[in-house]
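Below: the structure, in C-alpha cells.
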Amino acid sequence: MTRTTRTGAAAVCVAASLALAGCTGSGTAGTGTSTLNIATMTFPQSLDPAQAVGSALPFFQATYDTLVKREPDGEFRPMLATAWKYNADRTELALTLREGVKFADGTVFDATAVKANMERFKKGGGADAKWLKDLESVEVEDASHATLKLKQPNPAMLFYLSDAAGLMANPAAFGRGDALKTSPDGTGPYRLEESKTAVGTKWVYQRNPDYWGDPLPYETVTMSFFDNETAIVNGLKTGQVNAALLQSADQQISVESDPRMKTTEQEFDFQGLLLFDRDGKLTPQLQDPRVRQALNLAVDRKTMLGAIRQNRGEITSQVFGPDTRGYDRKLDTYYAHDPDRARELLRAAGHADGFTLKLPRIAAIVNDALAASLATDLEAIGVKLVWDDLDGASAVQKVFTDRAYSGMVMNMGQSSSDWVVVDELVTPGAFNMFGTTDATVRELVPRIQSGSAEQAGAAVRALGEHLVKEAWFVPFYRMTYLHVSDGSVNIRPQSGMAVPSIYNYSPAK
C-alpha cells in the first residue's frame, strides 16, 4: 500500500471529523410513507463510484448495487453476486453473478462489467482505492462467473465488496468523461432525479421501476445537506426531516426530551490520541513503552467522558470495536486513571523531569474543553502538551505528508472487520507513518491475514491485547451516536458504519 493512498484515507478521516461525519437526512413535510427525507452533514463531491467513500455510501447505494450486501449485523448476503468461494490458500475469490440484471440503457450486467468496475476503482485514485491493492486481476470465466486473483490473502475482501469497492456502474458510461460525477448509472433501487436535485443542497432519488430486486418501502428518497446539527434537530421537530444521525451530546439530549422522536443508540467512533512516533523519531521519549503507558495512565477518561460527552459513550483503552473479534471488553478499562503510577513509569524510563509533546489541533475535532482536559491530565505527570492550531487543509499536509507531529487526536470509525482495523492502524501507512513494528506484531499479523478462522481469531485477540499493553495508542472513549426519526421511520444502525445503509429504513408501524 503506497503512502499516497493511505494519506488519502487519512485526509478523508480528517474531513469526516470536520464535517462531524453525519450521514443522515432531510426533505419535505407531510409526505407520509411514500417519501423518506434524510438529513446529512456529509455529502459526496462526486457520484462516480470510483470516488466513493464510506461516510457518503448511502448516496451511492441508492443508485448502485454492490456485489455483496452487508446486513445491519455485519453478515454478508447475496446481491449482484449470488455466491462466492475462495480457493484453498484464499488467493482467488470466485464470484457467481446474478443474471437478468440490466443498467438503465439496457446494458447487461455481467462479469465483464465487474472486471471493468474493479480495475477502474483500483486505478481511480479515490480515497478507498487502497482496498484493492491486493487485487492482481479479474478473470472473466463467462458472463455470470468472474474470479478475483489476489497477490496475497486479504481477509477483508468481502467487506470491501459490500462497500465502495463493490459498487457496480455501467461501463458504457466510463468513456463519457465526468458524466458519472452528477449522473449516476447503476442497477440500484433508485434513480437520481437530476431536475429536482441541487448538488450541494439536496439529492432526490425516485424508485427504479425496472429494479431487479424487491422494491424498498419508499417511492422517493431525498438527502439534504445541513451545516450544523441544530438545524437538523429543528428540521426533525418541524417535520421537514424524517431521519438523522446526531453526534453532539447537547443535540441528542434535545431530541430525547421530545416524545414524538424515535431514537436508537449506536457506538461507533472512538476519540483518542493516535501515536505515530512509537520509534521516537520526533519525540525520543515515546520509543519507551513505559512512557506511552504513562500517557495512558495520565488520562482521566471517566471525567473526560462526563464533562465533554455528558457520559454518552464508553471509556476504552483499545482500538478494536465491539463488532470485531479483536475486541476484549476487559481491555476497555485496562488503563485506570493513575497519575502516581504514570510518574513512576516516567522516572523508571529516565524522564523524571517530564518532556514536551507537541500535537496538532483542529478545533472542530479538539474543542476547548477537550484540549484543556488533556493538557491538564498530562501536566499532572510532568508532560507539557503544546497545541499547534491548524485548519483542515494544512493538517493533511503537515500531519500526513510532512510527518511533523508525533501523534494526533482524532475521531476514528471502528470497522466491523478485524483486517480493516489492522491494515489501517498496524501495517505501515498513514496511521503508522513511521512503520513501527515489533516481533509480536510480525508474528501475529500474518496469522490474521492467512490463518484459518480459528487461528486468525486467536491472533487478532492476542494482537489487540499486545497493542494495549505496549500502549501503541491512547484511546479515550467510544462515542454514542443517536439515530433519530420524527416517529414515522424505523432506523437500524449498520455494523461497521456510522451511517445506516439505504436499506435500513422502514416505515414505523
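The values are calculated or read from the model by the stated rules, or taken from the named source; none is laboratory data. These numbers come from a predicted model, not from an experiment. Cβ sites come from the backbone with ideal geometry, for glycine too, and all protein chains shown count toward neighbours.
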Problem set entry | From the options 317, 257, residue that is of a type in the set (Ser, Thr, Tyr) and either in contact with a helix residue (DSSP H, G or I) (Cβ under 6 Å, 6 or more places away or on another chain) or buried (at least 19 other Cβ atoms within 10 Å of the Cβ) (or both) | 317
Exercise. Touching a Gly at 6+ places or on another chain (Cβ under 7 Å), basic (Lys, Arg) and surrounded by 19 or more Cβ atoms within 10 Å (Cβ to Cβ) - does that describe any residue in the range 334-354?
Worked result: yes
Exercise. Going by the conditions given, is residue 167 under 21 Å from residue 109 (Cα atoms), of a type outside the set (D, E, K, R) and in contact with a Ser or Thr (Cβ under 7 Å, 6 or more places away or on another chain)?
Worked result: yes
Exercise. Looking at 478, 447, 492, which is the one that is charged (D, E, K, R), crowded, with 17+ Cβ neighbours inside 10 Å, touching a residue at least 12 places away in the same chain (Cβ under 8 Å) and touching a His at 6+ places or on another chain (Cβ under 9 Å)?
Worked result: 492
Exercise. For the range 17-134, which strands (runs of 3 or more DSSP E) that fit wholly inside it have 1 or more residues that are modelled with pLDDT under 95?
Worked result: 35-40
Problem set entry | Members of the range 225-251 found to be buried (at least 24 other Cβ atoms within 10 Å of the Cβ) and of a type outside the set (A, V, I, L, M, F, W, C), listed by number | 242
For this session: State whether one or more residues within the range 459-476 are touching a Phe, Trp or Tyr at 6+ places or on another chain (Cβ under 8 Å) and basic (Lys, Arg).
Result: yes
For this session: Give me the pairs, please: first residue somewhere in the range 395-418 and over 16 Å from residue 277 (Cβ atoms), second residue anywhere and of a type in the set (Ser, Thr, Tyr) and part of a helix (DSSP H, G or I), beta-carbon distance under 9 Å, and either six or more positions apart or on two chains.
Result: 396/7; 411/17; 412/17; 413/55; 417/160
Exercise. Residues of the range 177-197 being part of a loop (DSSP other than H, G, I, E, B) and touching a residue at least 60 places away in the same chain (Cβ under 8 Å), which ones?
Worked result: 178, 183, 184, 185, 187, 188, 189
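Collect the residues in the range 208-217 that are over 14 Å from residue 489 (Cβ atoms), surrounded by fewer than 18 Cβ atoms within 10 Å (Cβ to Cβ) and not aromatic (Phe, Trp, Tyr), keeping them in residue-number order. Give the steps one after another, and end with the answer.
Taking the range 208-217 first, the residues over 14 Å from residue 489 (Cβ atoms) are 208-215.
When the remaining residues are screened for being surrounded by fewer than 18 Cβ atoms within 10 Å (Cβ to Cβ), the result is 209-215.
Answer for the range 208-217, where residues must be over 14 Å from residue 489 (Cβ atoms), surrounded by fewer than 18 Cβ atoms within 10 Å (Cβ to Cβ) and not aromatic (Phe, Trp, Tyr): 209, 210, 213, 214, 215.
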For this session: Hey, can you tell me all the residues within the range 85-119 that are surrounded by 19 or more Cβ atoms within 10 Å (Cβ to Cβ) and closer than 17 Å to residue 157 by Cα?
Result: 93, 95, 97, 114, 117, 118
Problem set entry | Residue satisfying condition, being among the charged types (D, E, K, R) and more than 30 Å from residue 375 (Cβ to Cβ), within set 402, 423 | 423
For this session: Working only within the range 62-83, note down all residues that are touching a strand residue (DSSP E or B) at 6+ places or on another chain (Cβ under 8 Å) and crowded, with 17+ Cβ neighbours inside 10 Å.
Result: 62, 63, 64, 65, 66, 67, 68, 69, 70, 79, 80, 81
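Looking at residue 220, is it surrounded by fewer than 22 Cβ atoms within 10 Å (Cβ to Cβ), modelled with pLDDT of 95 or more and outside the structural domain of residue 370 (by TED's automatic domain parsing)?
Yes: the conditions hold for residue 220.
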